[in-house]
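Visitor: First, the structure itself, so that you have it in front of you.
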Amino acid sequence: MTIDLKKIKKVYFIGIGGIMMSAAARYFLDQGKRVCGSDRESNSLIEELKRRGAIIYPEHKPENITADFDLVVYTQAIEPGNPELMKAKALKLKKLTIYQWLGLLSQDKFTVAVAGMHGKSTTTAMLGLIMERAGMDPTIFVGTKVKKWQSNFRLGQSRYLLSEACEYRDNFLNYQPDVAIINNLEAEHLDYFKNLSGVKKSFKKFAGQIKKGGFLVTNMDNKNTRELARSRGNAVTWGIENRADFVAREIKTKKDGTTEFKLLAKAVPFGDYNQRVYRLKVPGIFNIYNALGAIAGAAVLGVKSTVAQKALAEFPGVWRRFEYKGRTKGGVDVYDDYGHHPTEIRATLEAARKKFGQKKLWLVFQPHLYSRTHDFLKEFAEVLHRAEGLIVVDIYAAREANKHKISSQDIVDLINKKYRRKSPAVYASDWREAAEYLRENLKKGEILMTMGAGEAYKAGELLLNK
């Protein structure tokens with residue numbers, strides 16, 4: 001099936017509230033196209049689309065799909081028997097998954113794709129702001145909202161396309177990028193990949209799809225991406241612990257949690273970047289890694305180091321990544337983070353400890369997916385027990401049935417059995433119950449962080465609104 005995107009006038013999105021789906025909807029709206037869609041749950045992204053003229057239905061119904069749609073885009077999170085998808089098939093409408101559409105869009109662009117298990121949204125946002133400041137006017141798709149754009153999308157008029165590339169179900173194999181940035185690689189999405197070998201095989205194929213003369217930009221401190229870099233030419237590398245083309249040295253963490261570092265870069269061809277000092281408003285070593293990926297990507301694109309310096313110094317962070325939400329009437333500062341893998345949780349809690357010192361940290365965490373909770377049960381317990389006050393909300397099922405018969409209670413029981421704590425970890429059936437427990441136990445001057453890819457953030461918002 002051939003699809004000429006320039007001829008698309010009316011498009012329908014099944015699951016329009018998804019982070020990349022809503023960005024694609026913005027792409028069409030910003031070009032004056034007619035956009036319709038459906039989603040069972042409303043969110044701020046959907047409300048913004050409505051304000052811009054999109055027609056969005058709260059239910060998936062076959063009558064929402066009519067023969068005059070030029071294209072139907074759908075998220076893989078929907079079930080194969082979705083009534084709207086079935087109606088689109090019956091009408092023989094042109095259909096694409098969101099990543100098939102992004103891959104198609106990228107064919108006529110100079111494409112930079114950012115992949116990896118952790119940090120790809122932040123790295124994409126950082127590099128996007130650098131490219132914007134450099135006057136490259138890129139079109140950008142990112143898996144979170146960027147504060148400067150108040151959106152997860154930026155429409156540019158140049159040949160440059162910057163996109164976050166998700167590895168789940170091999171979605172990133174829809175791209176044939178000119179530059180591929182891979183932050184890290186480890187076991188994840190084992191419901192699809194089965195094991196680490198499956199993950200590595202997929203990433204190797206992704207790296208193999210880089211266009212002739214293009215670049216792989218990757219992290220030398222991650223064993224698996226280091227193997228990728230050594231297996232192919234045209235690799236540009238970064239790191240803190242290992243030798244690389246870009247290395248962060250003299251790292252300093254200030255009292256407010258912000259960081260700075262000196263960059264050592266190879267004199268040829270990246271001499272312009274050598275000995276530059278970078279300052280970041282966002283906390284944590286993990287954000288230094290994200291910044292290094294963005295810097296290396298910018299250097300490959302020919303951006304001057306001073307442009308990258310200024311853009312990163314102004315970078316305020318992104319939506320749901322160690323995001324400050326406000327202070328409750330009781331004097332508790334509330335933060336929110338999207339972390340849902342043990343590696344992400346560990347990095348965020350370490351950054352929080354440096355930022356908040358001896359203040360008591362409360363964490364409301366909601367696991368995402370039964371399969372991930374089952375696969376990493378021990379790892380979740382090992383990282384979560386580090387929060388002094390801990391409430392684990394029951395699992396956000398998303399696309400899965402509970403074939404593992406697992407619950408967040410299993411995490412809580414393992415923590416309380418294995419680790420000595422001043423106060424036991426607590427199980428809550430949902431975010432409302434978590435908020436009620438917090439209302440009775442939080443004290444002035446303490447810190448609350450909500451975390452997870454589901455609804456844990458609502459506990460913090462409820463306390464702030466009350």
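Visitor: Add +1 for every Lys or Arg and -1 for every Asp or Glu among the other residues with Cβ under 11 Å from the Cβ of Trp101, and state the total. Before the final figure, lay out the partial values.
Guide: Details: positive: Lys94, Lys95; negative: none.
Around Trp101, the charge tally is +2.
Visitor: Can you tell me the accessible area per residue over the chain, all protein chains present, probe 1.4 angstrom, in square angstrom?
Guide: Numbers: 20370 Å² over 466 residues.
Ligands and nucleic acids excluded, the result is 44 Å² per residue.
Visitor: Follow-up question, since we're still on this one. Before rounding to the nearest 500, sum -39500 (n - 2.57) across all DSSP H runs of length at least 4 in the chain and divide by the residue total; then give [θ] at 222 nm in deg cm²/dmol. Intermediate values should be presented prior to the final figure.
Guide: Values: 17 runs with 165 residues, N = 466.
Rounded to the nearest 500, the figure is -10500 deg cm²/dmol.
Visitor: Now for a different question. Distance from the Cα centre of the range 129-159 to that of the range 242-282, in angstrom?
Guide: A separation of 24 Å, based on Cα centres.
Visitor: So what does Arg327 come to for accessible area, using a 1.4 Å probe and Å² rounded to 10?
Guide: The accessible area of Arg327 comes to roughly 150 Å².
Visitor: May I pose another question? In what order, largest first, do Trp431, Trp238 sit by accessible area if the probe radius is 1.4 Å? Don't jump to the answer; show the numbers that get you there.
Guide: Details: Trp431 40, Trp238 0 Å².
These residues rank, largest area first, as Trp431, Trp238.
Visitor: Can you give me the span-like helices of the chain, meaning DSSP H runs with 20 Å or more of Cα extent along the axis and Kyte-Doolittle mean at or above 0.0? Intermediate values should be presented prior to the final figure.
Guide: Values: long enough: 285-300 (23 Å, 1.51); 342-356 (21 Å, -0.69).
Flagged H segments are 285-300.
Visitor: Can I ask one more? Give me the log10 of I(q) over I(0) for the range 363-466 at q = 0.17, 0.19, 0.20 Å⁻¹, as the Debye formula computes it from C-alpha points; what are the numbers?
Guide: Debye curve over Cα of the range 363-466, log10 I(q)/I(0) at q = 0.17, 0.19, 0.20 Å⁻¹: -0.73, -0.90, -0.99.
Visitor: Along the charge dipole of the range 38-85, pointing to its positive end and built from +1/-1 on Cβ of Lys, Arg, Asp and Glu, which listed residue (His60, Ser44, Gly81) has its Cα farthest out?
Guide: It is Ser44, whose Cα lies furthest towards the positive end.
Visitor: Shifting gears a bit: Based on alpha-carbon centroids, what's the gap between the range 89-117 and the range 349-406 in Å, whole number please?
Guide: 33
Visitor: Going down the table (Lys200/Lys403; Lys7/Lys148; Lys325/Lys443; Lys50/Lys94; Lys147/Lys325; Lys254/Lys444), which pairs top 21 Å between alpha carbons? Could the numbers behind the result be given before it?
Guide: On the way: Lys200/Lys403 26 Å; Lys7/Lys148 31 Å; Lys325/Lys443 17 Å; Lys50/Lys94 24 Å; Lys147/Lys325 13 Å; Lys254/Lys444 24 Å.
Listed pairs above 21 Å: Lys200/Lys403; Lys7/Lys148; Lys50/Lys94; Lys254/Lys444.
Visitor: Return the equivalent ellipsoid semi-axes of the chain as a descending list in whole Å, where each equals the square root of 5 times an eigenvalue of the C-alpha gyration tensor.
Guide: Details: eigenvalues 214, 187, 89 Å².
Square roots of five times the eigenvalues give 33, 31, 21 Å.
Visitor: Hey, if you put +1 on the Cβ of every Lys and Arg and -1 on every Asp and Glu Cβ in the chain, which of Ile295, Asn195, Ala387 ends up farthest toward the positive end of that dipole?
Guide: Ile295
Visitor: Moving to a separate point now. May I ask you to derive the relative contact order of the chain, considering only C-alpha pairs under 8 Å and at least 6 residues apart, and to give it as an integer percent?
Guide: Working: 977 pairs, mean separation 49.7, N = 466.
In percent, rounded to a whole number, it is 11.
Visitor: Taking +1 at the Cβ of each Lys and Arg and -1 at the Cβ of each Asp and Glu, which of Thr111, Met21, Ile415 sits farthest along the dipole of the chain towards its positive end, judged by Cα position relative to the Cα centre?
Guide: Of the options given, the answer is Thr111.
Visitor: Considering the alpha-carbon set of the range 116-205 alone, what are its Rg and its Dmax in angstrom?
Guide: Every Cα atom of the range 116-205 included, Rg and Dmax give 14.2, 43 Å.
Visitor: Oh, and also: If you take the square roots of the eigenvalues of the alpha-carbon gyration tensor of the range 182-228 and sort them as a ≥ b ≥ c, do you get rounded (a/c under 1.5), prolate (a/b over b/c) or oblate? Don't skip to the answer; put the middle values down first.
Guide: Numbers: a/c = 2.86, a/b = 1.50, b/c = 1.91.
It comes out oblate by the Cα gyration axes.
Visitor: Taking a 23 Å limit on the Cα-Cα distance, which of the listed pairs Lys255/Lys281; Lys422/Lys466; Lys360/Lys422; Lys205/Lys304; Lys10/Lys87 fall beyond it? Let's see the in-between values first.
Guide: Numbers: Lys255/Lys281 12 Å; Lys422/Lys466 28 Å; Lys360/Lys422 12 Å; Lys205/Lys304 31 Å; Lys10/Lys87 16 Å.
Long pairs (Cα-Cα over 23 Å): Lys422/Lys466; Lys205/Lys304.
Visitor: Classify the range 1-72 as rounded, prolate or oblate, taking a ≥ b ≥ c as the square roots of the eigenvalues of its Cα gyration tensor: rounded when a/c is under 1.5, otherwise prolate if a/b is larger than b/c and oblate if not.
Guide: oblate
Visitor: Let's see if you can work this out: charge +1 on each Lys and Arg Cβ, -1 on each Asp and Glu Cβ, no other charges. What is the dipole magnitude of the chain about its Cα centre, in debye to the nearest 20? Could you put the intermediate results ahead of the total?
Guide: On the way: 77 positive and 52 negative charges, 187 e Å.
Result for the chain is approximately 900 debye, rounded to the nearest 20.
Visitor: Shape verdict for the range 138-285, please, from the Cα gyration tensor: rounded (a/c under 1.5), prolate (a/b greater than b/c) or oblate. Let's see the in-between values first.
Guide: Working: a/c = 1.42, a/b = 1.23, b/c = 1.15.
Because its axes are fairly even, with a/c under 1.5, the range 138-285 counts as rounded.
Visitor: Just the number, please: carbon plus sulfur as a percent of the accessible area of the chain, 1.4 Å probe, no ligands or DNA/RNA counted. Each step should come with its number before you reach the end.
Guide: Working: 9750 of 20370 Å².
Roughly 48 percent of what the probe reaches on the chain is carbon or sulfur.
Visitor: Quick check for me: using +1 on Lys/Arg Cβ and -1 on Asp/Glu Cβ, what's the dipole size of the range 290-377 about its Cα centre, in debye to the nearest 20? Don't skip to the end; give the middle numbers.
Guide: Numbers: 14 positive and 8 negative charges, 72 e Å.
The calculation lands at about 340 debye.
Visitor: Same structure again: Mind listing the Cα extents of the range 22-152 along all three principal axes, in Å, largest one first?
Guide: Computed over the Cα atoms, the extents are 46, 31, 29 Å.
Visitor: Quick one: work out the % antiparallel among DSSP beta bridges in the chain, nearest 5. Each step should come with its number before you reach the end.
Guide: On the way: 19 of 74 bridges.
Rounded to the nearest five, the antiparallel share is 25 percent.
Visitor: Counting Lys +1, Arg +1, Asp -1, Glu -1, what net charge surrounds Gly331 among other residues with beta carbon under 12 Å of its beta carbon? Don't skip to the end; give the middle numbers.
Guide: Numbers: positive: Arg327, Lys329, Lys359, Lys443, Lys444; negative: Asp333, Glu446.
Local charge sum for Gly331: +3.
Visitor: Then there is this: With charges only on Cβ, +1 for K and R and -1 for D and E, what is the dipole size of the range 1-144 about its Cα centre, in debye, rounded to 20? Don't jump to the answer; show the numbers that get you there.
Guide: On the way: 20 positive and 15 negative charges, 72 e Å.
The calculation lands at about 340 debye.
Visitor: What order, most packed first, do the peptides 81-93, 52-64 have when packing is the mean number of other Cβ atoms within 10 Å of each residue? Could the numbers behind the result be given before it?
Guide: Details: 81-93: 16.3, 52-64: 14.6.
So the peptides 81-93, 52-64, ranked by packing, come out 81-93, 52-64.
Visitor: Of all beta bridges DSSP finds with both residues in the range 255-411, what is the antiparallel percent, to the nearest 5?
Guide: In the range 255-411, approximately 65 percent of DSSP beta bridges are antiparallel ones.
The values are calculated or read from the model by the stated rules, or taken from the named source; none is laboratory data. Just so it is clear, the model here is predicted, and its values are computed rather than measured. Neighbour counts are summed over all protein chains in view; Cβ atoms, including those assigned to glycine, are modelled from backbone coordinates with ideal geometry. Note: areas computed on protein heavy atoms with side chains; ligands, DNA, RNA excluded. Shrake-Rupley method; radii C 1.70, N 1.55, O 1.52, S 1.80 Å.
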